[in-house]
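What follows is a single structure, written as structure tokens, with notes after it.
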Amino acid sequence: MDKEQVRDALRRIVGKDNVLWKDVDVVVYSYDAGLAKGRADLVAFVENSDQVAQIVSLLYREGIRYVARGAGTNLTGGTVLMDGGVVIEFSRMNHILEIDIENERVVVEPGIYNLAVQNALAEKGYYYAPDPASQKACSMGGNFGENAGGPHCLKYGVTSNHVLGAEIVLPNGQKTWIGGKALDPPGPDLMGLLVGSEGTLGIVTKIVCRIMRSPERVITMLAIFNSVEAAGQTVSDIIAEGIIPATLEIMDNVVIRAVEDSMHAGFPLDAEAVLLIELDGLTNGMDEQAKRITEVCEKDGATSYRLAKDANERNSLWAGRRGAFGAVARVRPAYLVCDATVPRTQLPKALSEVKRISKKYRLPIGNVFHAGDGNLHPLIMFDDRDADELARVHKAGNEIMKVCANLGGTISGEHGIGSQKLSGMSLVFKKGDIGMMRGIKEAMDPKGLCNPGKVIPKEEARP
Amino acid sequence: MSKPTTDNGAPLRTLKSIGVAAKHVERPKKEREAQQILARAGREKLTVLPVGGATTIAAGTLPERVDIVLDMTGMAGVAAFDMSNLNMTVLSGTTLDGINEFLAGQGKGFFFPLDPPFSDRATIGGVYASNGSGPSRLRYGTMRDQSLGVRGIDAGGGEVGFGGKTVKNVSGYDLTKFLIGSAGSLCLITAINLRVYPLPGASSVCEVTFQKLEEVEKFLQALRSSVLIPSGVVVEPGKGGFRILAAFEGHPLAVERENKDLLAMAGNLGGKGEAKMGRDVMRHEVKGAIEADGDAMAIKVTVPISEGPRALAKLADLAGGAKTVLFAGNGVLLVYGADERIIEGAKALASHGYVVPLRLHRSLLSKWGPRVDATLEQFVLRPIKEKLDPASVFPPIL
């Protein structure tokens, strides 16, 4: 089939007005929130899982590459077709299909935004734990594909800990279910494999998630530090006290300034770092835990700390934290978010290394990250019109990955590998490990059409 | 640290008792030894069945004949413990009790929260391979939530490893999770990185009884919609009613409040009971409620949460006097003394859930029928098995 024939076949499935094919229309699907640039030949807007199955069957038969795309907030090029193909666009499959309070489940379509789900659940006194900072704009299908995290994942886990079932269209177009409202489907944990597989093993069309009762009480605290390393040390020391808060988030001065310039969230401009701490749960015992935390902060050199006095102050602090990535656009026109993770106790060392790398490559780097999980997010800021600077950005990003892998961590905590981090896979996996992953990909997607060129590097890893 | 005692005849006798003929037992003590055994099995086209404490031996597909039983209880012990980062690496033949004995003695005291039955014999590798769990999954989840990484040996005898020691990790496919429940059909697991937790300031167990099923349903519904956070809730039918155990852990003030609120909630709905303080008491009571004769045939049944109490009552009827128990809040039930009639009854009951054999004679397993969806079997599981274990060294996949 040539491009026009494929376009006409897609139109027969989704309707004439639901296929984009002109270059001027498809160009915006050739990139996502990462740095990768590729090419989309056709874009099909789907409205139900039958259409998805028909499209995938067609593309499988014709040997055409494809990718499922939600909101395109992916930071590693995961939703970009590098060598052309069809984008299956999910923004119209954006409904909550069922909120089942009795069984503590919500069933959603993949195109719905994370925050829309949270808002619907909040009205009923429930919530869905994974809360990526981009929750205003990221889709649940994308969260599924990337195994998304978020600040509250420190205590409650990431997407794979909360997805219990899914309707899936396999790479050959067959539609089936994995899991559901009941727990423990027999056999290997296919859901655990599919969540985080970046849409390379199939396309999710319905998702069954666990929901949780909203906590009785929440305390939000802000501790101010003279160094980001001291804030990092405090994170380890709080957990060593036997306290596991709902969140432990750090922002450094570069990011604090950008956030305050952008939205006046209430962070002190003279702080080298702030630690945003949140406790949730039963009221009883919470004040005592908050007191112990303030003692740890004092011991580790916090210059001051305060408790959010009401919901407005809490919301303002969180708006600042969640808006940090967007705010750094005030510093430089583009940024690369590194997403490496280290054991918590290695945070001070990792942060020192990030400073060194910033100086070495002459690039401003801000830090805003999920400190409780050891999940760094150094933001390397640059001007993407400057080829020399862009080259240094890639070198700096690779060096940060290497540093974190050497500290006992890994190259991606929640943003995935996509096409941008393929070279880093050999830092954490041996040839046999990647061989087993490749075996699974080849078994499930024998023609290699389903989001090709992602997650698994072509070249062999270290022996 | 305690290790299970074993002799080479024990795994053979266990397998014989469930209708599996095995020729030979190997008990590797080191990864290298296990690698050599698997490499030889590949060369000589031998079949290998990894076995731990054999408490959930029927969770996978049991072959009729096995050339080599790989007794993993020889690979036991803690390889690493990182107190500050709350993780540990344990060899797969380590028992759950062994892990918790070790952790209790470290620093201020730590624990690993999963509590499937027979924790004195159940090995961490077996719990991982069979996706085993206990009532505490209500708060702590399952191996999917507690495993950070695994090391293993592939069908060709090669060393493999996935995941790591960080809680967040999306580097590559998450084979740490995928291999959970695979019952040794794809890879031999030799070591697992686990999350661990500081021992809580207080623990308790509340025991309440109700006479009627409707009261149990109302009570569990009220508990679910409350702000209380139990670690686990167990329901078992008893003489003239139902006994419920609710375990709490946390700050002493929170546990005190939870005990008080739960007993008040039960009282308002026609139940009565008492709270007992202390971690040992809590663990002992819960363990006693979920265990029966370890040699009994057993199945796991899962249903949507709200269907749990009715499923319990029906299964208890079917099972006669045999032990039946519900992990409330999860919709997971265990039935001991399972026979063909009970299995068929359970399958009819779990139309929105699953029935999984735990310990069952092969004659019953062979009549079971398909255990996974035909599309998944044809286009996912079988192709993966053929890719990863082309010589069928490991047991068949479901």
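Residue-wise HN-Hα couplings along segment A:175-187, as the Karplus relation 6.51 cos²θ - 1.76 cosθ + 1.60 with θ = phi - 60° gives them from phi, are 9, 7, 10, 10, x, x, 6, 7, 8, 6, x, x, x Hz; Gly and Pro carry x. Pair-distance distribution P(r) for the protein assembly as shown, from all Cα-Cα distances in 20 Å bins starting at 0: 15, 49, 32, 3 percent. Computing FRET efficiency as 1/(1 + (r/R0)^6) for A:HIS394 and A:LYS458, where r is the C-beta to C-beta distance and R0 is 25 Å, gives about 0.85. Residues within the reach of a label modelled at B:SER363 (point 7 angstrom out along Cα to beta-carbon, backbone nitrogen below 20 Å), restricted to segment B:290-320, are B:295-299.
Would any residue of segment A:384-401 have its amide N under 18 Å from a label point 7 Å out along Cα→Cβ of A:LYS355? List them or say none. From segment A:384-401, the list is A:400. Per residue, the Cα convex hull of segment B:232-342 amounts to 110 Å³. Over the C-alpha trace of segment A:3-89, radius of gyration and Dmax come out as 12.1, 34 angstrom. Over all orientations, segment A:165-234 has a Cα convex hull whose mean projected area works out to 8.7 square nanometres.
Taking label points 7 Å from Cα along the Cα-to-Cβ direction, B:GLU274 and A:SER423 give a separation of 6.9 nm. Only helical runs count toward this figure. For chain B, summing -39,500 (n - 2.57) over DSSP H runs of n ≥ 4 and dividing by all residues gives -9000 deg cm²/dmol at 222 nm. Here the sum of -39500 (n - 2.57) over DSSP H runs of 4 or more residues, divided by the residues of chain A, equals -10000 deg cm²/dmol at 222 nm, to the nearest 500. Globularity index of segment B:331-382 is 1.23 (Cα radius of gyration / 2.2 N^0.38 Å, N = number of residues).
Taking every alpha-carbon pair in segment B:42-140 and binning the separations at 5 Å intervals from zero gives 3, 12, 21, 21, 18, 11, 6, 5, 3, 1, 0 percent. Translational diffusion coefficient of segment B:197-279 (Stokes-Einstein, Kirkwood radius from Cα pairs, 20 °C, 1.002 mPa s): 168 µm²/s. Simple rule: put +1 on each Lys or Arg Cβ and -1 on each Asp or Glu Cβ in segment A:3-89, find the dipole, and look at A:ILE64, A:LEU10, A:GLN54; the Cα lying farthest toward the positive end is A:ILE64. Here the label points at B:GLU386 and B:HIS284, each 7 Å from Cα along the C-beta direction, are separated by 5.6 nm in the simple model.
Here B:LYS367 is the anchor, and the aspartates and glutamates within straight C-alpha reach of less than 16 Å, apart from those fewer than 8 places off in the same chain, are B:GLU64, B:ASP339, B:GLU340, B:GLU344. For segment B:202-290, the relative contact order works out to 47 percent when only alpha carbon pairs closer than 8 Å and six or more residues apart are counted.
For the protein assembly as shown, a simple Cβ point-charge model (Lys and Arg +1, Asp and Glu -1, everything else neutral) yields a dipole of about 1300 debye relative to the Cα centre.
Evaluated at q = 0.26, 0.29 Å⁻¹, a Debye calculation over the C-alpha positions of segment B:298-365 (equal weights, vacuum) places log10 I(q)/I(0) at -1.15, -1.41. The trypsin sites (Lys or Arg not before Pro) found in segment B:54-141 that occupy coil by DSSP, while having at most 15 further C-beta atoms within 10 Å, are B:LYS108. Length gained on full extension, A:ASP8 to A:MET263, computed as 0.36 nm times the residue gap minus the Cα-Cα distance: 87.1 nm. Out of B:GLY271, B:GLY163, B:GLY201, any idea which swings most in a Gaussian network model of chain B, alpha carbons joined below 10 Å? Looking only at B:GLY271, B:GLY163, B:GLY201, the biggest GNM fluctuation is shown by B:GLY201.
In terms of its alpha-carbon gyration tensor, segment A:217-326 comes out oblate; a/c meets the 1.5 threshold, while b/c is at least as large as a/b. Ellipsoid fit via the Cα gyration tensor, chain A: semi-axes of 37, 26, 20 Å, each the root of five times an eigenvalue, largest first. Within chain B, the proportion of Cα pairs with more than 42 Å between them is 11 percent. Amide H contacts of A:THR205 (H built 1.01 Å from N, in plane; Pro and chain starts excluded): A:GLU167, A:ILE168, A:VAL169 sit under 5 Å, all sequence-distant by 5 or more or on other chains.
Rounded to the nearest 20, the Cβ-based charge dipole of segment B:298-365 about its Cα centre (Lys and Arg +1, Asp and Glu -1) stands at 140 debye. For segment B:260-304, rounded, prolate or oblate, judged on the Cα gyration tensor with a ≥ b ≥ c (square roots of eigenvalues), a/c < 1.5 rounded, else prolate if a/b > b/c? Taking the square roots of the gyration eigenvalues as a ≥ b ≥ c, segment B:260-304 is oblate.
What pairs in B:LYS108/B:LYS260; A:LYS395/A:LYS431; A:LYS155/A:LYS355; B:LYS45/B:LYS385; A:LYS291/B:LYS165; A:LYS155/B:LYS165 have C-alpha atoms more than 19 Å from each other?
In this structure, B:LYS108/B:LYS260; A:LYS395/A:LYS431; A:LYS155/A:LYS355; A:LYS291/B:LYS165 lie more than 19 Å apart at Cα.
Largest GNM mean-square fluctuation among B:PRO383, B:PRO28, B:PRO198, using chain B with Cα springs under 10 Å: B:PRO383. Here segment B:126-265 was treated as a single set of alpha-carbon atoms; its pair distances binned every 10 Å from 0 give 11, 31, 24, 21, 12, 2 percent.
Taking a point 7 Å from the Cα of A:ASN48 along the Cα-to-Cβ direction, the residues of segment A:70-109 with backbone N closer than 18 Å to it are A:89-98, A:108-109.
Evaluate Rg over Rh across segment A:98-229, taking Cα atoms for both radii and Kirkwood's formula for Rh. Rg/Rh for segment A:98-229 comes to 1.02.
Kirkwood's formula applied to the C-alpha pairs of segment B:1-199 gives a hydrodynamic radius of 16.8 angstrom. One decimal place: the segment A:LEU115-A:ARG292 gains 60.5 nm when fully extended, by the rule 0.36 nm per residue minus the C-alpha distance.
Any read-out appearing in this document is the output of simple, stated calculations on the displayed coordinates, not a laboratory observation. The model shown is predicted, which means the values in this text are computed figures rather than measured ones. Cβ sites come from the backbone with ideal geometry, for glycine too, and all protein chains shown count toward neighbours.
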